[in-house]
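Here's the structure we're looking at; comments come further down.
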Amino acid sequence: MPQTLTLPGTTDKRLAALLTLLSENATIVISGARIAREIGVSRSTVWRWVEELRKLGVYVKGQRSTGYFLEKVPDLLTPDLLRKRLRGSLFGKRAFHFFKTDSTNRVAMELGFAGEPEGAVVMAEEQTAGRGRAGRMWHSEKGTGLYVSILLRPRLAPAQASLLTMLAGISAQAAVQGLTGLVPELKWPNDLLLNGKKLGGILTEMHAEPSAVRFVVVGIGINTNQQRFPGELGFVATSLRKESGRITFRLELLVRLLTQFESDYSRFLNEGARFVVERFEKVSDFAKGRRVRVDTGAESYMGVTAGLSPEGLLLVSRENGLLTTVIAGDVTEVR
Ligand code: BTN
């Protein structure tokens, strides 16, 4: 049952409560006795957890005799703070937080199979096997990027699930723009780019029957505060920090993203595919008039993007004059 479901590795609720208490009172010294009382543990447990938080990279100042405080609010995706900010919304009910997990998509799929209701949010500070599109890895350095998956149970046919990828891209673009002023380019079907480099991506996975979706997991990764990327990634990836020179508070980005997604999602369910297709065409410069190479695995061809089909598939006008619908494959801009 969802209520009793325990996931190995999730952040202990009382540890999260300690973090929230310290965050909400940042710069104020709180005595160990008060913390113990408010969280409902012994003073020695408080001391042990403070040590635990320090090991996880949260800089808690103070000591047993004086009390504890945070010099500044840490940029952690604490579930309590998220729930408070999203109270009353679809994503403000159940949040699962990990300091480290393999993949938030993997965890959210597990929740889906276990009967968890729609709206669950899975967040991680670090992923050891972050999943990207086409079996690629998603580089998920600790504490610098946004790594989040949401569980949905829409009444859709399996073929429509990819519209949720595009929808999440639309919402992510709006969230980034609202918070930073930067406008990432939306590249069909799942990329967010800044200055031609990858800022973020979306990976949708689902469990479905032939005619209906049982549940969908939409996984979103946004490179936020990375200052550099290892090896080859340095040439193709970027972050909000690299582009703006400023630090972005990930919780703020997540709150905007989920708020925006909830409203876009409800319009999609009410208005149908047309809402997603029209909005995507409007906010994606890439969808029309770009010279591209399409690699489907079976073939490779050149053409110019020509908008989306009513189902949300990319149309490419080929050099041989044919208009082709891209069902799957890599689409690369050729300048
Ligand atoms: C892509 O290849 O562009 C998609 C990347 C999706 C990455 C995110 S990070 C959070 C979620 N968990 C995963 O394992 N992957 C997605």
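The values are calculated or read from the model by the stated rules, or taken from the named source; none is laboratory data. None of the values given here were measured: they were computed from a predicted structure. Ideal geometry is used to build each Cβ from the backbone, glycine not excepted, and the neighbour counts take in all protein chains shown.
Observations on the structure shown:
- The set of residues from segment 46-80 being free of Cβ contacts under 8 Å to residues at least 24 places away in the same chain and within 24 Å of K100 (Cα to Cα) comprises W47, R48, E51, R54, K55, Y59, K61.
- Enumerated strands (runs of 3 or more DSSP E) restricted to segment 58-132, each holding at least 3 residues that are within 16 Å of the ligand (Cβ to nearest atom) and buried (at least 19 other Cβ atoms within 10 Å of the Cβ): 95-98, 121-124
The rows are residues; the columns are (1) modelled with pLDDT of 95 or more; (2) in a strand (DSSP E or B); (3) small (G, A, S); (4) more than 13 Å from the ligand (Cβ to nearest atom).
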residue: S149; (1), (2), (3), (4): yes, yes, yes, no
residue: P154; (1), (2), (3), (4): yes, no, no, yes
residue: A175; (1), (2), (3), (4): yes, no, yes, yes
residue: K198; (1), (2), (3), (4): yes, yes, no, no
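- Across segment 177-196, the qualifying residues are those that are of a type in the set (A, V, I, L, M) and either part of a loop (DSSP other than H, G, I, E, B) or modelled with pLDDT under 95 (or both), and the one among them that is surrounded by the most Cβ atoms within 10 Å (Cβ to Cβ) is L182.
- Residues considered: V255, V183. Of these, the only one that is among the hydrophobic types (A, V, I, L, M, F, W, C), free of Cβ contacts under 8 Å to residues at least 40 places away in the same chain and away from the ligand (no atom under 14 Å from the Cβ) is V183.
- Flag if G143 is at positive phi and in contact with a helix residue (DSSP H, G or I) (Cβ under 7 Å, 6 or more places away or on another chain): no
- So R274, is it among the basic types (K, R), over 20 Å from the mean Cα position of the chain (by Cα), under 29 Å from M109 (Cα atoms) and in a helix (DSSP H, G or I): yes
- Scanning segment 133-144 for residues that are farther than 14 Å from K198 by Cβ and near the ligand (Cβ under 10 Å from one of its atoms) yields one hit, G135.
- Some residue of segment 28-51 being surrounded by fewer than 19 Cβ atoms within 10 Å (Cβ to Cβ), closer than 27 Å to R256 by Cα and of a type outside the set (S, T, N, Q): no
- Scan segment 317-335 for residues that are more than 29 Å from the chain's Cα centre (by Cα) and part of a strand (DSSP E or B) and the total you get is 4.
- Residue match in segment 2-20 (condition: modelled with pLDDT of 90 or more and part of a helix (DSSP H, G or I)): no
- Flag for S171 being part of a strand (DSSP E or B), small (G, A, S) and either closer than 28 Å to R83 by Cβ or within 10 Å of the ligand (Cβ to nearest atom) (or both): no
- Filtered by the rule that a residue be among the hydroxyl-bearing types (S, T, Y) and at pLDDT below 95, segment 204-259 gives a lone residue, S211.
- Test for R279: is it more than 16 Å from the ligand (Cβ to nearest atom) and either closer than 19 Å to G145 by Cα or free of Cβ contacts under 8 Å to residues at least 12 places away in the same chain (or both): no
- Complete set of residues in segment 200-245 that are β-branched (V, I, T), over 19 Å from Q177 (Cβ atoms) and within 16 Å of the ligand (Cβ to nearest atom): T204, V216, V217, V218, V236
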